[in-house]
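The block underneath contains the structure these notes are about, expressed in structure tokens.
The values are calculated or read from the model by the stated rules, or taken from the named source; none is laboratory data. Keep in mind the model is a prediction, meaning the values are calculated, not measured. We place every Cβ from the backbone using ideal geometry, glycine too, and count neighbours over all the protein chains shown.
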Amino acid sequence: LPRVVILGRPNVGKSTLFNRLVGKKLALVDDQPGVTRDRREGKARLLDLEFTVIDTAGLEEAEAGSLSDRMRAQSRAALEGATAALFVVDARTGLTEADRHFARWLRQEAGLPIIAVANKSEGRAAESGLMEAFELGLGDPVAMSAEHGEGLADLFEALAPLIPEPSDEPEDEGDEDLPEDAPLKLAIVGRPNAGKSTLINKLLGQNRLLTGPEAGITRDSIAIPWEWQGRQVHLIDTAGMRRKAKVVDKLEKLAVADGRHAVDFAEVVVLLLDATLGLEAQDLRIADMVLQEGRALIVAINKWDSAEDQSRLFNGIKKALEDGLAQVKGVPVLTVSALTGKGLDVLMEVAFETRERWSRRVPTAALNRWFEHAQERNPPPAPGGRRIKMRYITQARTRPPTFIVFGNRLDELPDSYNRYLVNSLRDDLDLKGLPIRINMRSSR
Ligand code: GDP
């Protein structure tokens, strides 16, 4: 489960909020000074969000030193591995120096999304405290009363984008630790005669596809279970590979339609090119479709055995790909011969490796460290003299890697800046060649 840490100085209501989220009755607060308690963890439910919530209240007496020192020490440990933090202040008493210091420190050091919570916001006495909470520089504070259960809907709104919903995308199940033995779902697409059937037959080591459709298998894609060096593979076969169409002028359309179908089922898609024909617009269209669908793409140039002037051909195709797929840099390009089997081991190796990166989750702390550097290298623009503020980034999903950036007026960011972000994210965090999605979310 994602971990959410509750931070703040003593008496702001951290434990009350913890109990509210975990659904326990208020109790358990041991006031004995000098008693070191472990930090409490519990399973929290907030509407349909599920996460582990961590209450740092018990650590307050654990360390000697000034209040801010202690707050820092308790937080640093608790933030390890967390997805987000709730920074709680007391709206009734207003901000203290310690709150302001702590917020500044969090902004600079925490490296993960922080939501300011103005607690004890019931009633009019809290209004000025709530206004002050804006000054923390942590975005719009969530006004709530942990004790009275008010403001939970706002807290939900603030947390929801940060917490992946388990029910949201069933295919995402277990995406953080892709089991080593999960079958690789691999599709091979390309124009007619690129050599798809030959390649699959070679990989399978038998003339399976040429034996014609088996009973019950007609037009739909099916998966052929198979093993490569002891690892499970499901080759997504498409009707188009079996069916040799008779009407030549329909071939091109069929290739795209079949490809699309296979892509739906695949994790990694190999676009097979014919070395004797080179790269054509149709190939780029298929490649583009694969990336649009968020799949990991590999380009394999087939019939390399009969290719002439190989290095010029290779560089030409590579260049045309980089130009034609400007939105995704670094798609792997390999050469193979489906006929002789040359290059197929490398192809499979790269396919497994690519799936692994496509499925990886970048730790939030590393992600935000990168985010800061990226903004230092190339600060966001300042339309009308006011700099656009980007506060933090989180990875909402894997497969494909999907990120959410939070900040203000993000809709004013020019496309060129968005492209800069995507490209340096891809380069710096080992996501080369992968489709990446970044959603911008401005605070209200
Ligand atoms: P598909 O329509 O993409 O399934 O293409 P096929 O597998 O039917 O292959 C089309 C033609 O290309 C056949 O005549 C194959 O023998 C030939 N072919 C496929 N792979 C290779 C290869 O690696 N080298 C050479 N020289 N010919 C190939």
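Does segment 338-360 contain at least one residue that is within 30 Å of ARG441 (Cα to Cα), surrounded by fewer than 16 Cβ atoms within 10 Å (Cβ to Cβ) and in contact (Cβ under 8 Å) with a residue 12 or more places away in the chain? Yes - at least one qualifying residue is present in segment 338-360. The condition (being more than 16 Å from the ligand (Cβ to nearest atom), among the β-branched types (Val, Ile, Thr) and assigned by TED's automatic domain parsing to the domain that holds PHE265) is satisfied by just one residue among THR335, THR354, THR340: THR354. The set of residues from segment 379-417 being under 18 Å from GLU157 (Cβ atoms) and in a strand (DSSP E or B) comprises ARG391, TYR392, THR394, ALA396, ILE404, VAL405, PHE406, GLY407, ASN408.
Listed here are the residues, each with its yes/no results for (1) at pLDDT 65 or above; (2) assigned to a loop (DSSP other than H, G, I, E, B).
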| site | (1), (2) |
| --- | --- |
| THR36 | no, yes |
| GLU61 | no, yes |
| GLN74 | yes, no |
| THR93 | yes, yes |
| PHE102 | yes, no |
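Just to be sure, is GLY330 touching a Gly at 6+ places or on another chain (Cβ under 8 Å), surrounded by fewer than 20 Cβ atoms within 10 Å (Cβ to Cβ) and either outside the structural domain of GLN292 (by TED's automatic domain parsing) or assigned to a loop (DSSP other than H, G, I, E, B) (or both)?
Against the criterion (touching a Gly at 6+ places or on another chain (Cβ under 8 Å), surrounded by fewer than 20 Cβ atoms within 10 Å (Cβ to Cβ) and either outside the structural domain of GLN292 (by TED's automatic domain parsing) or assigned to a loop (DSSP other than H, G, I, E, B) (or both)), GLY330 qualifies.
For every residue, the table says whether it meets (1) hydroxyl-bearing (Ser, Thr, Tyr); (2) modelled with pLDDT of 95 or more; (3) within 15 Å of the ligand (Cβ to nearest atom).
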residue	(1), (2), (3)
ARG243	no, no, yes
ASP249	no, no, no
GLY259	no, no, yes
LEU273	no, yes, yes
GLN282	no, no, yes
GLN292	no, no, no
LYS329	no, no, no
LEU344	no, yes, yes
